[in-house]
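Data first, discussion second: the structure below is written as structure tokens.
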Amino acid sequence: DYGNFDWVTYLAETNSKAAPAKCFRQWPDPPSNDFKLGMKLEAKDPRNLDSTCIATVVGILGPRLRLRLDGSDNKNDFWRLVDSNEIFPGGHCKAHGGILQPPLGFRMNVSSWPTFQQKILANAYQAPKEVFKKHPQRPSTNHFQVGMKLEAVDKKNPLLICVATVGEVKVDMIYVTFDGWRGAFDYWCRYDSTDIFPVGWCQKSGHPLQPPGNKGLYQAISGSSRVKSKASNSSNISITEPVTPPAPVVNKQSSSMPLPTPPTV
Ligand code: MLZ
């Protein structure tokens, strides 16, 4: 049921506006993804941002990469955009005076890291420099307004980019709420987070978009913006009580926080 969700109809049905492009730290045109499965690169360890590790592309979805740190397990994969400032071509770390580190949770004894690393890099399929795209500039200020629609990464299921609404705005922070889902997935992030995208980004970039869930207010919407509209019952309209979001946690690294909860998809 991906792919057929129609924003134009949905915005009309919900009588809402899309957050304009100037709100986002994203290129006006989503970058092309020229990475290939199996390519190796260097990436900040999302669970230990001080260290740079060797990563392998294990999945590709639109302009996003599913990455796995070499020497780590397959339970801690993470997603990065091809224009992320947390991924680099091979040699970047060394060229900047750093040393590649074993990932947090390295499967072997640390003493075996140097040999392990050598072996991996010996016949590595290195991602060429050109496939890394320039990181976009942040907007000068927070232009978001409550009620604006957007597309946002579900941090609990980071594979998913979903239909969302700005629930609250506080200085440099916005509260991202997911349409048709109970509050469990909602979160605060900085306005210049790269986990949020303008309406239409998924379609433009070839990334799947998760349509709204069917909880609360959105039960009422059975119109043509929904593909798989189950037999809808207009007497079923239930307006959920407004939920006050928790206060924002100011965290300089909020855009790249480790993912605390295992995926629940
Ligand atoms: N498997 C999960 C997906 C939830 C996705 C919510 N996105 C806002 C569930 O059904 O709970």
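The values are calculated or read from the model by the stated rules, or taken from the named source; none is laboratory data. No experiment lies behind these values; they were computed from the predicted model shown. Every residue, glycine as well, gets a Cβ built from its backbone with ideal geometry; the counts of neighbours run over all protein chains shown. Surface areas here come from the heavy atoms of the whole protein model, side chains and all, with no ligands, DNA or RNA. Shrake-Rupley method; radii C 1.70, N 1.55, O 1.52, S 1.80 Å.
Here Ser112 meets the list (1) modelled with pLDDT of 95 or more; (2) of a type in the set (Gly, Ala, Ser); (3) not in a helix (DSSP H, G or I) almost entirely, failing just condition (3). Count, please, the residues in the stretch 169-190 that happen to be out of contact with any helix residue (DSSP H, G or I) (no Cβ under 6 Å at 6 or more places or on another chain) and open to solvent by 10 Å² or more (accessible area, probe 1.4 Å). Looking only at that region, the number is 15.
Of all residues in the stretch 5-17, those being buried (at least 17 other Cβ atoms within 10 Å of the Cβ) and either among the polar types (S, T, N, Q) or farther than 15 Å from Leu209 by Cα (or both) number 2.
Flag: Thr244 does not match the condition of being within 16 Å of the ligand (Cβ to nearest atom) and modelled with pLDDT under 95. Selection over the stretch 90-104 of residues that are open to solvent by less than 50 Å² (accessible area, probe 1.4 Å) and either in contact (Cβ under 8 Å) with a residue 60 or more places away in the chain or not in a helix (DSSP H, G or I) (or both) gives a count of 6. Residue count for the stretch 196-212, restricted to those that are open to solvent by less than 30 Å² (accessible area, probe 1.4 Å), out of contact with any Lys or Arg (no Cβ under 7 Å at 6 or more places or on another chain) and within 14 Å of the ligand (Cβ to nearest atom): 4. What tally of residues in the stretch 180-205 results from selecting those that are over 10 Å from Leu150 (Cα atoms) and of a type in the set (Val, Ile, Thr)? Count: 1.
Could you please let me know if Arg80 is in contact with a Leu (Cβ under 7 Å, 6 or more places away or on another chain) and in contact (Cβ under 8 Å) with a residue 60 or more places away in the chain? Criteria not met by Arg80. Only residues that are part of a loop (DSSP other than H, G, I, E, B) and either of a type in the set (D, E, K, R) or crowded, with 19+ Cβ neighbours inside 10 Å (or both) were counted across the stretch 61-89, and they come to 12.
Residues of the stretch 48-60 that are β-branched (Val, Ile, Thr) and open to solvent by 10 Å² or more (accessible area, probe 1.4 Å): Thr52, Thr56, Val58, Ile60.
Looking at the stretch 174-187, which of its residues are part of a strand (DSSP E or B) and within 12 Å of the ligand (Cβ to nearest atom)? Within the stretch 174-187, Val176, Thr177, Phe178, Tyr187 meet the criteria. Residues in the stretch 129-142: is at least one of a type outside the set (A, V, I, L, M, F, W, C), over 30 Å from Val57 (Cα atoms) and either in contact with a helix residue (DSSP H, G or I) (Cβ under 7 Å, 6 or more places away or on another chain) or buried (at least 20 other Cβ atoms within 10 Å of the Cβ) (or both)? No - not one qualifying residue is present in the stretch 129-142. The residue of the stretch 120-173 that is nearest to the ligand (Cβ to nearest atom), among those that are among the charged types (D, E, K, R) and in a strand (DSSP E or B), is Glu151.
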